[in-house]
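The values are calculated or read from the model by the stated rules, or taken from the named source; none is laboratory data. What you are looking at is a predicted structure, and each value in this text was computed from that prediction instead of being measured. Don't worry about glycine lacking a Cβ; one is built from the backbone with ideal geometry, like all the others, and counts go over all protein chains shown.
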Amino acid sequence: MKMKKTLAFFLAATMTATLALEGCGSTADSGSKDSTSTSGESTESAGGAEEGIEYGKVIIFQSKTEIMDQLNKCAEDFTEETGIEVEVWETSGDSYFTDLKTDVSTGKGPTLFSLAPGSESVTMADYLEDLSDLSFADKIAENMADEVNGKMVGVPYTLEGFGLVYDKSLVDPATLNSTDALISFLEKAKADGINGLGLSQEDYFLIMHILNTPFALQNDPDAYLAQVLAGTVRMIDNEEFVEFAKVMEAIRANCTNPVDLTYDNNCGDFATGKTALIHQGNWAYGMFKDYEVEFEMGVAPLPIVGNNKVAVSVPAAWYVNTDASEEEKASAKAFLEWLYTSETGADYLMNQFGFIPVVEGMTSEKLDPLSQSVADAAAAGNTIGWSLSNWPAGISTALAPITAQFFTSDMTGEELVNQLNDAFVEAAK
Amino acid sequence: MKIKKGWYALFTMPLMLIFIIVVVIPFVIGIGYSFVTWDGFAKHQADFVGFSNYTKVFRDERFLRAALRTTIYTLFSVLSVNVLGLIFSLIVTTALKVRNFARTMLFVPYLIGGLILGYIWKSVFSEYFLSIGWGNWLTNATRAMIAMVVVTTWQMAGYVMIVYITGIMAIPDDVLEAAKVDGAGYFQTLFKIKFPLLMPSFTICLFLTLSNCFKVYDVNVALTGTGPNYQSEMFSLNIYNEIFDLSNFGYGQAKAIIFFMIIAVITLIQVSITKKREVAM
């Protein structure tokens with residue numbers, strides 16, 4: 001009797017253990033793709049599809065998770081209007097590039113995918129189809145289309161900008177016009193019991209974005225980056241980086257420790273008036289929708305060495321997989337044509353995705369305050385670039401641990417800059 | 001006899017086939033990759049570099065630190081998991097009224113995946129601890145390590161408990177009764193009768209915990225990540241970062257092969273030692 005009971009219990013235990021193992025298997029594969037397929041029954045052509053061309057199925061895989069729901073609807077509408085079948089693969093965003101790399105390398109990749117223009121698209125140059133024959137190719141705003149080896153391969157999504165997102169009821173951005181002004185504001189904020197400037201623990205929000213400014217402020221950011229990578233110049237010999245180091249020290253001395261803050265907490269504190277400034281971009285507005293935010297906000301420059309420009313660039317662009325079959329490539333191009341030239345497509349881009357127009361003739365009437373602020377800066381030419389898109393791929397995982405150490409020890413700002421510098425040299429090897 | 005063999009084959013073949021396809025073949029291919037430098041793109045050239053990936057491993061300070069850290073973590077985790085698991089199993093094999101309920105409850109953490117467990121505990125060790133003024137444990141090297149051991153223990157203790165329970169149940173009642181008649185007390189029975197007879201369970205549990213702790217990945221990723229100055233990075237996470245973040249497929253593979261050999265040697269030694277101490281009934 002006892003024997004039987006033991007056996008039964010052990011059996012049950014093994015079964016549950018197996019279940020647990022299976023559970024692990026599926027969670028470990030965090031980039032797993034739940035595919036939502038919209039099948040096209042009709043085959044009449046309309047909109048982006050042309051007569052006389054064979055169309056295959058488009059598989060879309062892209063990294064902007066915040067537009068996922070709208071993109072699924074968009075794909076359905078596209079299928080309804082053109083009869084071309086579309087499948088959208090989903091991602092949690094974290095391991096997007098790794099997943100894409102694996103899929104594309106094995107030849108079973110998506111037809112249409114997104115990359116950050118810069119080191120990502122350069123690395124994958126062999127896999128990118130020439131898109132210069134798209135009808136709207138020459139209408140894309142200057143320098144916004146991604147060109148690799150002289151070919152136009154990437155169609156930009158939108159513009160994004162980052163800098164100091166301010167709460168006007170707590171700080172007047174016009175007063176923050178120099179490093180010293182920013183530092184004295186942080187000291188005053190500490191005395192008043194609010195958090196002056198919030199960074200958060202995620203790699204990009206901890207160091208990548210804020211370190212972009214001293215790079216982008218150089219006369220020729222690309223040439224300067226090349227010199228840093230080659231080890232012929234040291235960042236610390238440069239005024240912009242010296243002031244950057246001062247700002248980082250002031251953040252450590254006066255603000256909530258960034259390694260203790262998550263993106264959600266940081267945005268939440270800002271929305272509820274506990275934080276005056278956060279180093280964020282216009283994408284963060286989605287977070288504030290959930291709060292009833294009443295104060296006026298906008299994106300201000302990080303004022304090192306008197307900088308008065310916001311960092312604005314294209315965060316992602318569409319690319320077509322050159323290894324896909326001719327039919328599939330034709331469909332992917334038809335999808336881009338439809339998205340950027342048809343009425344329904346443009347409505348999705350501007351109103352559903354909330355994108356800032358990058359193609360001539362497109363306008364958006366209902367931008368959120370942060371995007372409006374970025375669009376205004378772009379229209380006035382008050383922008384610096386995203387040097388970080390050209391940094392060696394994967395460098396964020398080297399820079400973040402160094403910065404986290406800076407925030408949890410008494411390392412000086414100069415040491416921080418030197419260690420970051422070493423990480424750049426190391427990554428370029 | 002022949003029929004019996006056929007049955008064995010029928011049940012083991014599918015498993016063997018899966019094992020060969022998903023473990024053996026990739027492993028052999030992986031050995032091949034460890035001799036080249038390659039960034040993971042099929043269209044990009046892989047250059048043969050001989051053993052230089054392997055010699056590089058022993059000069060890689062970040063990797064060696066991760067190795068030492070993993071060893072320390074494993075020592076503490078194996079100890080705490082097994083001690084606690086054994087204590088649990090002794091408690092729930094007594095005449096306790098709630099023993100079935102207790103067994104289930106103690107086993108439940110194992111059913112939650114390591115990633116989810118890691119994220120839950122992350123908010124405990126950082127946000128909750130900050131709110132009660134204990135500071136963020138995950139950004140301090142030593143405390144982050146303690147946090148890792150605590151979470152591992154919480155996850156694995158219930159699992160080894162199950163193995164120990166079956167071991168304890170398998171001890172014949174007559175042996176225990178004889179000991180009682182001879183006047184042995186609780187601890188005498190425990191150390192002189194139960195532990196020697198539990199040796200097979202020790203072999204299994206130590207093997208499982210040793211290899212699992214060395215290979216720890218999910219809890220590491222979710223709970224601490226690499227941490228400031230890579231202070232919380234373990235073996236597996238280091239290899240993952242090398243391959244997928246830094247795109248050094250060949251070098252990462254070389255690390256993985258060395259990692260495999262270390263675990264194989266350590267667990268084989270452990271199994272052979274504990275096997276020797278097993279007693280036949």
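Annotations for the structure displayed:
- Qualifying residue in the stretch B:39-55 (condition: over 30 Å from A:A125 (Cβ atoms), polar (S, T, N, Q) and under 26 Å from the mean Cα position of the chain (by Cα)): no
- Scanning the stretch B:72-130 for residues that are within 20 Å of B:I204 (Cβ to Cβ), within 14 Å of chain A (Cβ to nearest Cβ) and touching a residue at least 12 places away in the same chain (Cβ under 8 Å) turns up B:G85, B:F88, B:S89, B:V92, B:T93, B:R103, B:L106, B:F107, B:P109, B:Y110.
- None of A:I60, A:I67, A:I84 is aliphatic (A, V, I, L, M), in a loop (DSSP other than H, G, I, E, B) and touching a residue at least 12 places away in the same chain (Cβ under 8 Å) except A:I84.
- Residues in the stretch A:76-111 that are surrounded by 23 or more Cβ atoms within 10 Å (Cβ to Cβ) and more than 30 Å from B:S247 (Cα to Cα): A:F78, A:T82, A:I84, A:V86.
- Among residues of the stretch A:140-163 that are on the phi > 0 side of the Ramachandran plot, those with a beta-carbon under 7 Å from a residue that is surrounded by fewer than 19 Cβ atoms within 10 Å (Cβ to Cβ) at least six positions away or on a different chain give the pairs A:N149/A:A125.
- Just one of the listed residues (A:V320, A:V305, A:V374) is on the phi > 0 side of the Ramachandran plot and of a type in the set (V, I, T), namely A:V305.
- Any hit, the stretch A:227-242, residues being part of a helix (DSSP H, G or I), among the polar types (S, T, N, Q) and touching a residue at least 60 places away in the same chain (Cβ under 8 Å): no
- Count of residues meeting criterion [within 14 Å of chain A (Cβ to nearest Cβ), of a type in the set (A, V, I, L, M) and outside any helix (DSSP H, G or I)] in the stretch B:140-190: 1
- The helices (runs of 4 or more DSSP H) falling completely within the stretch A:337-429 that include 2 or more residues that are in the same structural domain as A:D203 (by TED's automatic domain parsing) map to A:369-379, A:396-407, A:413-428.
- When the stretch B:226-236 is filtered for residues that are in a helix (DSSP H, G or I) and either away from chain A (no Cβ under 13 Å) or buried (at least 22 other Cβ atoms within 10 Å of the Cβ) (or both), the ones remaining, listed by number, are B:P228, B:Y230, B:F235.
- Selected residue [assigned to a helix (DSSP H, G or I) and surrounded by fewer than 19 Cβ atoms within 10 Å (Cβ to Cβ)] from A:Y291, A:Y285, A:Y204: A:Y204
- Checking the stated criteria, A:I402 turns out not to satisfy the condition of being within 14 Å of chain B (Cβ to nearest Cβ), modelled with pLDDT under 90 and within 17 Å of A:L206 (Cβ to Cβ).
- Residue count, the stretch B:27-43 (criterion: over 12 Å from B:G252 (Cβ atoms) and either more than 12 Å from chain A (Cβ to nearest Cβ) or crowded, with 17+ Cβ neighbours inside 10 Å (or both)): 7
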